[in-house]
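Take a look at the structure below.
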Amino acid sequence: MCTGGSSQAGLGAAQPHRARFAVTRATRASTVTALLAIPVLLLLLALPAFASRALLQELFYVFTMLSLAQLWNLLAGNAGLISVGQQAFVGTGAYALFAFTVVTGLEPVLSIVLAGAVAGFVAVPAALIVFRLRGAYFAIGTWVVAEVCRLILAQVKQLGGGTGASLPADVASSIVGLDFIRNLFGIRGPAARDILTYWLALVLAVGTFMLVYRLLRSHRGLALSAIGDSEAAAESSGVDVFNTKFLIYLVTAAATGMVGALIFLQKARISPDAAFSLIDWTAYAIFIVVIGGIGTMEGPIIGVVIFYLLQYYLAALGSWYLILLGVLAIILMLFAPAGVWGLFSRFYDVSLFPLRRRLIAPVGRVADKRGRTN
Amino acid sequence: MLGWLDTVIQGILLGGLYSLYATGLSVIFGIMRLVNLAHGDLIVLGAFLTLALTTLGVPIIAAVVIVLPLMFAAGYVLQSILLNRALGRNILPPLLITFGLSIIVQNGLLETFSADTRFLNVGTLQSASLPLGGGIAVGIMPLICFAAATAVIVLLNSVFYRTALGRAFRATSDDVEIAQLMGINNKSIYAVTMGIALAVCAVAGFFLGARANFDPSIGPARLLYAFEAVIIGGLGSLWGTLAGGIVVGLAQTIGAHIDPEWQILAGHVAFLIVLVIRPRGLFPRAVD
């Protein structure tokens, strides 16, 4: 990278203008990734034309888990809000979807958006209460909130009470765009619904990713990393710590609610225990983030692939599978708390989705491979 | 009216059980600022260990006496080889390690003992009650449980405030660095702390099984009750933890008295209300 010859020439020739430093975020890897992302996304979009229904259902699961993981990562990895209660918003979103579609007869896709709004709305009082708890106690506080939501919704008889309810067939077939898909692919009911939910999951996963990525690259992202380094120092530099965290909590809750609504639109059956499952919606998301690399954009993507493979090959082991995940999580925390991506980036200076600004030395300055000038 | 009086008495006695759940959690938080997400599952583990010994023919009291040091040793080892490595400025590693541990213990119990509901047979004590007159009677077992909860707090407080070991505990809790300068090995203090917490879990597990049915899945709910008792009582005060346990117990029995389905919800709501009104609990001592 270093071009010593021109440096000598530059200094010797007494150039009229001084060489300038530049600040950039893009890396060669990130440009390649961005260019590769376009064909990959187009391929995923076109996948229903030739993929089997089973594959679409598997990918639906992968995309929704990726979304939940990205959101938990934003919350815990970037905002330092370690929550073990995100199932509160998955469940609230899911129940809101059932309420909107079954009770008031709204269109399901519109209901997903509204379900997100409901989850965000619920997050306001929840945040005001649990933000009074700090650190690890905040974590258990979020769990209590999730339990309160579960116990309250289990009382609502119109939505099946404690035993749950199924989505009526006429609701499932009323989703906007189903006819379009039927005509496009020449298929019948259930298969068309799988394609539609697959597309919705893809849109939510990409949308969540872009949301988190844009947020972290904005001035709020900068404020978040300042808070992560030192709350007191951030506060004294003019960062509104409470409002920043509050905003992140609300945005995450709303997006988590939308994902929850979509998951249960696809399942077409809801019960309090399933909708507010700690293991399914929060523990797995945490596992994905931790194994991939917490606090990075790349981590959850790698994590969801590893998690899916583990699940695919080992889920049949039942409780031994969960024990294995627990053991893996403990080993990771002890020996590689930065996850797979953290280990990788210790040896290779690659950033596919760069968040950090790097100082680029003018040509001629000796720069090491991390972009720092010597 | 009589029904209400009975409800209040039951609630206070239930608070004794919740205080036993919470004491261990309160101690480990007070001394090492650690929150153990596996706490509830370790209580259930204590109950199952006692059950396993009784099925081998060991009398129940002897079983508890055996499980107590076993759990102490388990806590000591757990802290020395696992949690001491993870303690630091970042709270995520200890939190996730204990979360992983919770899943391991829960599913390990499920594999070993199946999902069947169990209880600990304490013979005639199970249903014995003490008539208080006026048609109100209190169960002997809940009374013993409340007495045990109080005894555990008296015992721990006298250790913490009357012994050299207790001084080391308090010094470590106040300021780890200075305590180390004074020659205290904080890691071994932490290991003993976790040992004590798990020994209390063994006692709590016994009363859990003697008072009601249990199965491997009920740990997390016990963790939440314990946590609520600690926060309501105020961090750093064991008597506050007992008071917090009583608040949760009372809220639950009063909720159940109105509608049986509201029992658990009422306990959680009471906790949230206290958090809004008195964010630092009823009797705060420590600053987190």
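Some observations on this one:
- Dividing the convex hull volume of the alpha carbon atoms of chain B by its residue count gives 133 Å³ per residue.
- The range A:13-84: trypsin sites (Lys or Arg not before Pro) in DSSP loop, at most 12 other beta carbons within 10 Å: A:18, A:20
- Projected onto its three principal axes, the C-alpha set of the range A:174-243 covers 61, 19, 14 Å, listed from the longest axis down.
- Relative contact order, whole percent, for chain A stands at 32, derived from Cα pairs under 8 Å and 6 or more residues apart.
- On Cα atoms only, tilt of B:263-277 relative to the major axis of chain B in degrees: 50
- Under-5 Å amide H pairs with residue A:358, H placed in peptide plane, nonlocal only: A:24, A:25
- Spread over its residues, the convex hull of the C-alpha atoms of chain A is 174 Å³ per residue.
- Axis angle, to the nearest 10 degrees, between helix A:28-46 and the longest C-alpha principal axis of chain A: 20 degrees.
- Considering the range B:1-72, its Cα convex hull presents a mean projected area of 6.8 nm².
- HN-Hα J in Hz across the range B:31-37 - Karplus 6.51, -1.76, 1.60, θ = phi - 60°, x for Gly and Pro: 8, 10, 6, 9, 10, 9, 6
- The range B:195-248 - Rg (one decimal) and Dmax (whole number), Cα, Å: 11.7, 31
- Between the beta carbons of residue B:277 and residue A:357, assuming R0 = 56 Å, the FRET efficiency works out to 0.80 to the nearest 0.05.
- Our coupling estimate for the range A:274-290, obtained by passing each phi through the Karplus curve with A = 6.51, B = -1.76, C = 1.60 and θ = phi - 60°, is 6, 6, 10, 6, 5, 5, 5, 9, 10, 4, 5, 4, 4, 4, 4, 5, 5 Hz, Gly and Pro reported as x.
- Area hidden from solvent between A and B (accessible, protein heavy atoms only, 1.4 Å, total, Å²): 3700
- Distance in nm between pseudo-label sites at residue A:31 and residue A:236 (7 Å out along the Cβ direction from Cα): 4.1
- Given +1 at the Cβ of Lys and Arg, -1 at the Cβ of Asp and Glu and no other charges, the dipole of the protein assembly as shown around its Cα centre is 1960 debye to the nearest 20.
- For the range A:163-204, the fraction of C-alpha pairs farther apart than 13 angstrom is 54 percent.
- Globularity ratio of the range A:24-105, using Cα Rg and 2.2 N^0.38 Å: 1.51
- At the listed q of 0.13, 0.17, 0.21 Å⁻¹, the Debye profile of the range B:1-138, built from one uniform point per Cα, gives log10 I(q)/I(0) equal to -0.75, -1.07, -1.32.
- Cα gyration tensor category, rounded, prolate or oblate, for the protein assembly as shown with a/c compared to 1.5: oblate
- Among B:233, B:80, B:141 - extreme Cα towards positive end, dipole of chain B, charges at beta-carbon: B:80
- Nearest 10 degrees, 0 to 90: helix A:87-98 Cα axis against chain A principal axis: 50
- Area accessible to solvent at residue A:58, 1.4 Å probe radius, in Å²: 70
- Mean accessible surface per residue for the range A:102-179, computed with a 1.4 Å probe while every protein chain stays in place, in Å²: 41
- Charge-dipole axis of chain B as Lys and Arg at +1 and Asp and Glu at -1 on Cβ define it, positive-most pick from B:29, B:65, B:198: B:29
- Less than 5 angstrom separates the built amide H of residue B:139 from those of B:130, all sequence-distant by 5 or more or on a different chain.
- Per-residue mean of C-beta atoms belonging to partner chains within 10 Å, peptide B:268-279: 3
- Counting Cβ atoms of other protein chains within 10 Å of each residue's Cβ and taking the mean over peptide A:318-331 gives 6.
- Shape call, the range A:133-180: gyration tensor on alpha carbons, a/c limit 1.5: oblate
- By the Kirkwood approach, averaging reciprocal distances over each pair of separate Cα atoms, the range A:313-362 gets a hydrodynamic radius of 13.8 Å.
- In this calculation the C-beta distance from residue B:182 to residue A:131 is compared with R0 = 41 Å, giving a FRET efficiency of 0.65.
- Selection of trypsin sites (Lys or Arg not before Pro), the range A:179-266, meeting DSSP coil and at most 16 other Cβ within 10 Å: A:188
- Approximate spin-label separation residue B:58-residue A:176, in nm, with each point projected 7 Å along Cα-to-Cβ: 6.5
- If you bin all the Cα-Cα distances of the range A:104-243 at 5 Å, starting from zero, the percentages per bin are 2, 7, 10, 13, 15, 15, 12, 9, 8, 5, 3, 1, 0.
- Using the Karplus relation 6.51 cos²θ - 1.76 cosθ + 1.60 with θ = phi - 60°, the per-residue 3J(HN,Hα) values for the range A:130-144 come to 6, 5, 6, 9, 10, x, 5, 5, 4, 4, 5, x, 5, 5, 4 Hz, with x marking Gly and Pro.
- Based on the reciprocal of the average 1/r between different C-alpha atoms, the Kirkwood radius for the range A:167-294 equals 17.5 Å.
- Applying 1/(1 + (r/R0)^6) with R0 = 60 Å to the Cβ-Cβ distance of residue B:116 and residue B:174 gives a FRET efficiency near 0.85.
- Modelled label positions at residue A:335 and residue A:152, each set 7 Å beyond Cα in the direction of Cβ, lie 4.5 nm from each other.
- Built amide H within the under 5 Å cut-off of residue A:106, gap 5+: A:101
- Measure of compaction for the range B:152-288 (Cα Rg per 2.2 N^0.38 Å): 1.21
- Which of A:63, A:301, B:269, positive extreme of dipole for the protein assembly as shown (C-beta unit charges): A:301
- Distance from the alpha carbon centroid of the range A:71-125 to that of the range B:233-288 works out to 27 angstrom.
- Accessible area (Å², 1.4 Å probe, nearest 10) - residue B:176: 40
- With every protein chain in place, the range A:130-267: carbon and sulfur % of accessible area (1.4 Å): 60
- Here the range A:209-315 is treated with +1 on each Lys and Arg Cβ and -1 on each Asp and Glu Cβ, and its dipole about the Cα centre works out to around 360 debye.
- Tensor-based shape of the range B:81-218 (alpha-carbon gyration tensor, a/c under 1.5 rounded, otherwise prolate or oblate): oblate
- Simple Cβ-charge dipole of the range B:200-286, Lys/Arg +1 and Asp/Glu -1, about Cα centre, in debye nearest 20: 380
The values are calculated or read from the model by the stated rules, or taken from the named source; none is laboratory data. Quick caveat, the model's predicted, so the values are computed rather than measured. Glycine gets a Cβ as well: all are built from the backbone with ideal geometry, and neighbour counts include every protein chain shown. Calculation scope for accessible area: heavy atoms of the full protein, side chains included, ligands and nucleic acids excluded. Shrake-Rupley method; radii C 1.70, N 1.55, O 1.52, S 1.80 Å.
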